[in-house]
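What follows is a set of notes on a single structure, which appears directly below.
Nothing in this text is a laboratory measurement; each read-out follows from the coordinates by a stated rule. Just so we're clear, the structure is a prediction, and the values are computed from it rather than from any experiment. Note that we place each Cβ from the backbone using ideal geometry, even for glycine, and neighbour counts take in every protein chain shown.
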Amino acid sequence: MDAIVKAALAKWPNVPHCYGWLGLDERGRWWMRDAAAQAAGPFAGPGASAASRGAELRHEGLIAFIGRNYEADAEGQWFFQNGPQRVYVELAATPWIWRVQPDATVRAHTGAPAGVPTAALLDEEGRLYLVTPLGVGLVHSQDVALAAEALEQGRWGLAEPAGVRADELPQRYGFERSPARRASASSASR
């Protein structure tokens, strides 16, 4: 976490959390979801549309800042710590999107090294996931061929990918795809 973020947290410790305004898609792109995008539907899954995605963030400095301050809370909800405010992230797939390099190293969409994969998973739609020391992540669609080659050559020492249902991943690997939906359900039950 950036030092400036830690200082802001210390100065303003009780800023309310933000839900629904930031999304991470299947290709590791960040999306800003204004009120109109949120009103158009969920970020991902049933009812999602191009309008509900919002606007793709393209500012390299902002994207790098988000990546350096991206982490999960104790309930597996991923967030970006924006100064004193925690901005929870809506996930289209998994908290990590992996970029496989030609030398078979794996990096996260944030640029962080993922470490050596410990398992490979293939879902019902043929999407490839890797489990690494950072956690579970979807392999970027442009890197599936590199990942398949690394698996075939035994570069990670893994067996064939195990089958998995995509909807089982959050429970199995302890992450929440929609903190906004969870927060809304929690406040409705009070």
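Points to keep in mind about this one:
- Within a Gaussian network of the chain (alpha carbon springs, distance under 10 Å), most fluctuating of GLU71, GLU160, GLU60: GLU60
- Values (i) 0.98; (ii) 1.58; (iii) 0.92 are given for comparison; Rg/Rh (Cα atoms, Kirkwood Rh), derived from the coordinates here, is the one labelled (i).
- The chain, dipole about Cα centre (Lys/Arg Cβ +1, Asp/Glu Cβ -1), debye to the nearest 20: 700
- Sites ALA145 and ALA74, calculated FRET efficiency, Cβ-Cβ separation with R0 41 Å, nearest 0.05: 0.65
- Summing charges over neighbours of ALA37, with a neighbour being any other residue whose Cβ is under 12 Å away from its Cβ, gives -1 when K and R count +1 and D and E count -1.
- Neighbour-count order for SER49, SER184, fewest beta carbons within 10 angstrom listed first: SER49, SER184
- Antiparallel content of DSSP bridges confined to the chain, in %, to 5: 70
- A simple charge model with +1 on the Cβ of Lys and Arg, -1 on the Cβ of Asp and Glu and nothing else charged puts the dipole of region 110-190 at about 540 debye relative to its Cα centre.
- In region 96-173, the ratio of gyration radius to Kirkwood radius, Rg to Rh, stands at 0.92 when only Cα atoms are counted.
- Filtered GluC sites (Glu not before Pro), region 114-190: DSSP coil and at most 16 other beta carbons within 10 Å: GLU124, GLU125
- Of the residues ILE63, ILE97, the one with the fewest other Cβ atoms within 10 Å heads the list, and the complete ranking is ILE63, ILE97.
- Region 143-164 and region 31-58: distance between their alpha carbon centers, rounded to Å: 33
- With the helix formula -39500 (n - 2.57) applied to DSSP H stretches of n ≥ 4, the chain reaches a computed 222 nm mean residue ellipticity of -7000 deg cm²/dmol.
- Dipole-positive endmost among VAL106, LEU158, GLN142 within region 96-173 (Cβ charges, Cα centre): VAL106
- Fully extending the segment from GLU168 to THR118, taken as 0.36 nm per residue of separation minus the present Cα-Cα distance, adds 16.2 nm.
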